[in-house]
1. Select from the stretch A:130-157 the residues that are assigned to a helix (DSSP H, G or I), free of Cβ contacts under 8 Å to residues at least 12 places away in the same chain and of a type in the set (S, T, N, Q) and write down the one among them that is nearest to the other protein chains (Cβ to nearest Cβ).
2. For residues that are of a type outside the set (Val, Ile, Thr), within 11 Å of the chain's Cα centre (by Cα) and not in a loop (DSSP other than H, G, I, E, B), tally how many sit in the stretch B:151-169.
3. Among the residues of the stretch B:54-80, write down those that are closer than 21 Å to B:Gln8 by Cβ and touching a Phe, Trp or Tyr at 6+ places or on another chain (Cβ under 8 Å).
4. What single numbered condition from (1) touching a helix residue (DSSP H, G or I) at 6+ places or on another chain (Cβ under 6 Å); (2) surrounded by fewer than 19 Cβ atoms within 10 Å (Cβ to Cβ); (3) farther than 19 Å from B:Asn160 by Cβ; (4) touching a residue at least 24 places away in the same chain (Cβ under 8 Å) fails to hold for B:Phe68?
5. When you scan the stretch A:158-182, how many residues do you find that are modelled with pLDDT under 80 and at the interface with chain B (Cβ under 9 Å from one of its Cβ atoms)?
6. For B:Ala321, work out the one condition from (1) at the interface with chain A (Cβ under 9 Å from one of its Cβ atoms); (2) part of a helix (DSSP H, G or I); (3) surrounded by 15 or more Cβ atoms within 10 Å (Cβ to Cβ); (4) over 22 Å from the mean Cα position of the chain (by Cα) it doesn't fulfil.
7. Taking B:Lys50, is it in the same structural domain as B:Ala97 (by TED's automatic domain parsing), in contact (Cβ under 8 Å) with a residue 12 or more places away in the chain and of a type in the set (Lys, Arg)?
8. What number of residues within the stretch A:10-41 are out of contact with any helix residue (DSSP H, G or I) (no Cβ under 7 Å at 6 or more places or on another chain), within 11 Å of chain B (Cβ to nearest Cβ) and not small (Gly, Ala, Ser)?
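The values are calculated or read from the model by the stated rules, or taken from the named source; none is laboratory data. Fair warning: this is a prediction, and the values are worked out from it, not measured in the lab. Positions of Cβ are generated from backbone atoms using ideal geometry, with glycine treated the same way; all protein chains shown enter the neighbour counts.
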Amino acid sequence: MTSSSESHARIQELESIELQDGLYDEQYLRLMALYLIENQLCDARMLWLRAPDEVKVAEGFFQKQFNVCQAIMARNYPEAYASIAGVNWPSEIALDMQAVSCEYGETMIVEFVKVNLKKRRLALIAKAYASIAISDMSISLGLSPESVREVCSNLKWTTGPGDLVYPKKIKEPPCAAIRGNTLVDHLSSVIQFLE
Amino acid sequence: MISGNLKQLTEYLGKSADLLSKHQLQLDSVLQTLDLQQHSLGILAILLVKFNSVAVTSDAFEPLFVQFHEFILGCNGEQIRFAADSFAELCHLCTEALTERRKPAMGIPAMKEALIKLQSKESQLTSIHSDLLRLCLLARNSTAPLHLLEIDIDDINRENGQMDPKYVLLYYYYGGMIYATRKNWENALFMLSMCITTPAMAVSHIMLEAYKKHMLISLIHMKKIVPLPKYTSGVVNRFFKHLALPYHDLATAFSHNDSIEFEQVMARHSDAFVRDQNMGLVKQCLSSLHRKNIQRLTMTFMTLSLEDMANRVKLSGPQEAERYVLEMIEDGDIYATIHPDDGMVEFQTNPENYESMSVLEQLKAAMEASMHLENKVQKMSDELSVNPDVKCDMADSELKRALTSFDDDFGNHRETSKNRVSTSSAGKGTVRVPRQAQRKAICSLVEDLRKSREKEEKKKKLAHKRLKALDRGIRVLKPDFVAKVISTEPPTKQPSIKPKERGTSTFTDEDFEKFEEEYFVPGKF
């Protein structure tokens, strides 16, 4: 099972618990973290709006989570990274989230949010820029210049004069090919319908 | 007399409301003696009286709500459908009470269960739908009603003739609002347009509010005002323009592609927008205008500097322009490459060659959705053609006009229809049915009705001819032959001789012609 489908299952589970019996404070934090991991920002915002005031303690953990959400919504990525770094995730939630397997091998919940965000930003840089300065990329990815260089070399992106990087388009993984039999079956049902 | 006849029991209970309210103190002890499954109608009547009498703000409401929830979970659906109007009224009262007590989330599971109990099928709309959506909106929970909104409605529960059209309008209005909160603009537009195009003879406030939101969302999503279909009621076109003047001013400013003019109109009518609670949408329209202006530049320029772009679109500077371009690339609105070394943007065409597996998957899903819809419409058409309550009185000219109207209307919406196949906001790959398929399905339904009407008329004429022939020739015919002939006649027109086997006639048209030639040649009798 992929991490995404596990997260979705957990989201659904928590949403149904919320409808039936309501959530504990800790469950609100978990649900918000899952929304952030899955980039369901509208849902995260609605959760913030409907959460009881006791959970929304000023300078509390839930508030910090929502700051991350707001920064990502406003596409203010430096702010988003700063907010993520400022969140000290309670150990019980971090431990709980360890159950969600992570393809990057990291276990802390903060890394889930960061990794997913970085992945999206990296895809956008590859798509939108012909060249980009390492310093700009460092701000955009929330990484140190050394880490950015490492990421670039892993992706086989070439570097040029003045600390410039020349991104290459990241090929999207192809969809699983439809089996010939399935395709013929579908086409025959369409033709049968048209006749 | 009453036992076993649920209809009579419903009528009796309806008349007993005063009697029950006079004995309020005993109602709780009566409730204890009744069984949820066996005496659902009785419990419903008692709860209705209690809800009408208990003050919403009092402490007595909480136990009453528990009783209500237990009743909804355990009641007999078959019984409560006899008192659908009372059941719906109970749900409306509970929704009102929960709204007043500011505890809307409490009622969501109960309302979900209640509407399932009342429905005779999943795609049937009840007045409880609007209650559920209202509670979800107030509770800021937009995920709970999503599965409900995805179901295409093809029937309305009449609730013993008490269904108020207000609830149909509210369902689509609230549905549009829920989709708007999730930024699922396409579905929001669809729901709001369903609300606006509901046939109406008078101005409805719900429709007016839906009209305002529809205008703003079409500016955000389509970057222009989507014209309403031709079947929209006359009152909408006649009155709504004057009643929503600030919104029309805004749309005019938007069409001029001038963000400064747009901001001026925004400031001038800000009171109206704030009063209507539409200011958030209006602000998003401004962002949409900037995006539209950048999109327009891609049609003129191959490359453009970020500074020049910022000047032309009236943005604060190259940084803001870069931010907009990045957002638009991310959302797939434009295809471009930024060259930060010289501050230029190079615009490109869509790189999609439509030969990938994902396109095939999309196409497959869209075709399946169209086929499903066609089958559904065909089934509805079949049901209508055998329904004795449906009379097809439409003249041929009216049918033609209706068909032409559909043609014109869908022609006008061709641009909208291009974008109908898309994924839902949750990204789960839900495919909306293309409008072209809807049009085809509706046309086929009208065509089917016309054909069935023609067939019916032909049959009537033939039957009439046969009847006349029988009147004239009955004296000389053998009784079994008469029985064979009249067996196709409608029961009201049957002569005194009854057929032996109704509906199993083997008397064909050729037989009849032979029979006519043989017996009704002029001067034969």
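1. A:Ser138
2. To start, the set of residues in the stretch B:151-169 that are of a type outside the set (Val, Ile, Thr) comprises B:152, B:154-155, B:157-167, B:169.
The next check asks that each one be within 11 Å of the chain's Cα centre (by Cα); those that pass are B:152, B:154-155, B:169.
Among the residues that remain, those that are also not in a loop (DSSP other than H, G, I, E, B) are: B:155, B:169.
The total comes to 2.
3. Residues of the stretch B:54-80 closer than 21 Å to B:Gln8 by Cβ: B:75-80.
B:Ile80 - this is the single residue of the stretch B:54-80 that is closer than 21 Å to B:Gln8 by Cβ and touching a Phe, Trp or Tyr at 6+ places or on another chain (Cβ under 8 Å).
4. (2)
5. Adding up the residues that qualify gives 7.
6. (1)
7. Details: in the same structural domain as B:Ala97 (by TED's automatic domain parsing): yes; in contact (Cβ under 8 Å) with a residue 12 or more places away in the chain: yes; of a type in the set (Lys, Arg): yes.
The answer is yes for B:Lys50.
8. 5
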